[in-house]
Amino acid sequence: MTLSRVIGWVFFGFSGVVFAQNRPLVVAHRGASGYLPEHTLAAKAYAHALGADFLEQDIVLTKDDVAVVLHDIYLDTVTDVAKKFPDRRRADGRYYVLDLTLAELKQLTVSERFHIKSGAAVYPRRFPPGDSGLSISTLDEELQFIQGMNRSTGRAAGIYPEIKQPQWHRAQGHDISRQVLVVLARNGYATKADACFLQCFEIEELRRVRLELGWRGRSIFLLDGKAKGAGGEGSRLLTAAGLQELAAWVDGIGPALGQIVAWPSPGSAAVVTDLVKQAHAAKLLVHPYTIRLDELPKNCPSIDALHTALFNEAGIDGVFSDFTDLTLAWLRSKR
Ligand code: CA
């Protein structure tokens, strides 16, 4: 086995259940979002049942500083907020999570993601948009829900929380990272022995979380698709020296798929970049995002071709997938 593969193996002792992984990790991106409205407890339950190693939480704050599990700082593309709280619309036409209290958020119904203007589904082959009967959960509620499933099934899924837009939250007068760390600690996620990866697109915030707020767990630095990731600092951090420097703050990186593999033209073979090799040389894990059956990279012929390129050619350590079942099935049969 190669050194990079060893780095990819993760062992956690967690809630009395040993979590041992001898293959790349499958992170259920927003839950089993290929099948159920993203970030609902139903989507998390299904992802757990499908065998996901980790379940992802995107986190934003409410007006009363409660950490809730939603992908965007906006509410209008995944809920009926425009119908229930029409007066909360800001001048830019959007509805913000930060403008509603938790009690108000709990009155909303979650929908499959839709386009604001047309109301059409973003992913037409998925769960239909509209009233799903499902609601928004706090981070506390979701972590307790996952631990309940870990206990009842005897299989421990880890968590993969993302602090969304911390700079923006601070500019609005809210310290999201501080709130998130309190909830994580309260639920037993605090050190590298706990089955948790904390992720963020803002490297300055990951430094702050480590140095100022005392986070001792694992961290993943997310890179935006343009290979910048941290403003002007981003491209420098992706050099060999930059990655070595990053390893002092974080345990791994979360690049976009396109930073690892591309198909230059229809029918061409996959072209793999050096990013995974360089990250492994710096002892950083690589967990790219996002595998979607209904949104493959340009010119990529199939989801199997994508899995083959990522796992067998690039050698990634884990991946965010909207389709936990397809990614796991590939890992079990083809790798
Ligand atoms: Ca995310």
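The values are calculated or read from the model by the stated rules, or taken from the named source; none is laboratory data. What you see is a predicted model; the values in this text were computed from it and never measured. Because the Cβ atoms are built from the backbone with ideal geometry, glycine has one as well, and the counts that use them run over all protein chains shown. For the accessible areas, the whole protein counts, side chains as well, though only heavy atoms, and no ligand, DNA or RNA atoms are used. Shrake-Rupley method; radii C 1.70, N 1.55, O 1.52, S 1.80 Å.
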Once both labels are modelled 7 Å past Cα along the beta-carbon direction, what's the residue 298-residue 283 spacing in nm?
3.8 nm
Unit charges on C-beta of K, R, D, E only; dipole of the chain, Debye
440 debye
I want to verify a result. In a Gaussian network model of the chain, Cα cutoff 10 Å, which of these has the top mean-square fluctuation: 302, 111, 33?
302
Please give the Cα centre distance for the stretch 93-143 versus the stretch 177-230, rounded to the nearest Å.
25 Å
By accessible area of protein heavy atoms, probe 1.4 Å, what ranking do 29, 71 get, highest first?
71, 29
Taking the dipole about the Cα centre of the stretch 149-265, with the C-beta of Lys and Arg at +1 and of Asp and Glu at -1, give me whichever of 174, 242, 196 is farthest to the positive side.
196
Diagonalise the Cα gyration tensor of the stretch 149-270 and give the resulting equivalent ellipsoid semi-axes, square root of 5 times each eigenvalue, largest first, whole Å.
27, 21, 14
Binned at 5 Å from zero, the C-alpha pair distances of the stretch 69-188 give percents of 2, 10, 17, 19, 19, 17, 11, 4, 1, 0
Any trypsin sites (Lys or Arg not before Pro) in the stretch 130-186 that lie in a DSSP loop and have at most 16 other Cβ atoms within 10 Å would be 155
Stretch residue 49-residue 151 to full length: gain in nm at 0.36 nm per residue minus the Cα-Cα span?
35.4 nm
Specify the residue with the greatest mean-square fluctuation among 281, 52, 309, computed from a Gaussian network of the chain linking alpha-carbon atoms under 10 Å apart.
281
What residue among 242, 315, 119 shows peak mean-square fluctuation when the chain is described by a Gaussian network model with Cα springs under 10 Å?
119
With bins 20 Å wide starting at 0, give me the P(r) of the chain over every alpha carbon pair, in whole percents.
32, 61, 7
Spin-label zone in the stretch 312-335 - amide nitrogen under 20 Å from a point set 7 Å from the Cα of residue 269 along the C-beta vector
312-316, 335
Mind putting a number on the dipole of the stretch 266-335 about its Cα centre? Charges go on the C-beta only, +1 for Lys and Arg and -1 for Asp and Glu, and I need it in Debye to the nearest 20.
220 debye
Multiplying the sequence separation of residue 313 and residue 125 by 0.36 nm and subtracting their Cα-Cα distance, what value in nm do you get?
64.7 nm
Neighbours of residue 127 by Cβ distance under 13 Å: Lys/Arg at +1, Asp/Glu at -1, summed charge -1
Would you calculate a helix-derived [θ] at 222 nm for the chain, using -39,500 (n - 2.57) for each DSSP H run of n ≥ 4 and dividing by the full residue count, to the nearest 500?
-7500 deg cm²/dmol
Neighbourhood net charge (11 Å Cβ-Cβ; Lys/Arg +1, Asp/Glu -1) for residue 318
-1
Net charge contributed by nearby residues that have their C-beta within less than 11 Å of residue 137 (K/R +1, D/E -1)
-1
Below 18 Å, Cα to Cα, which aspartates and glutamates can residue 84 reach? Residues fewer than 8 away in the same chain don't count.
76, 99, 104, 112, 131
Cα-Cα longer than 19 Å, checked against 164/192; 44/117; 63/164; 283/334; 63/117; 83/117, kept in input order, equals 164/192; 44/117; 283/334; 63/117
Exposed loop GluC sites (Glu not before Pro) only (DSSP loop, at most 13 other Cβ atoms within 10 Å): please give the longest stretch of the chain free of them, not including the sites.
1-211
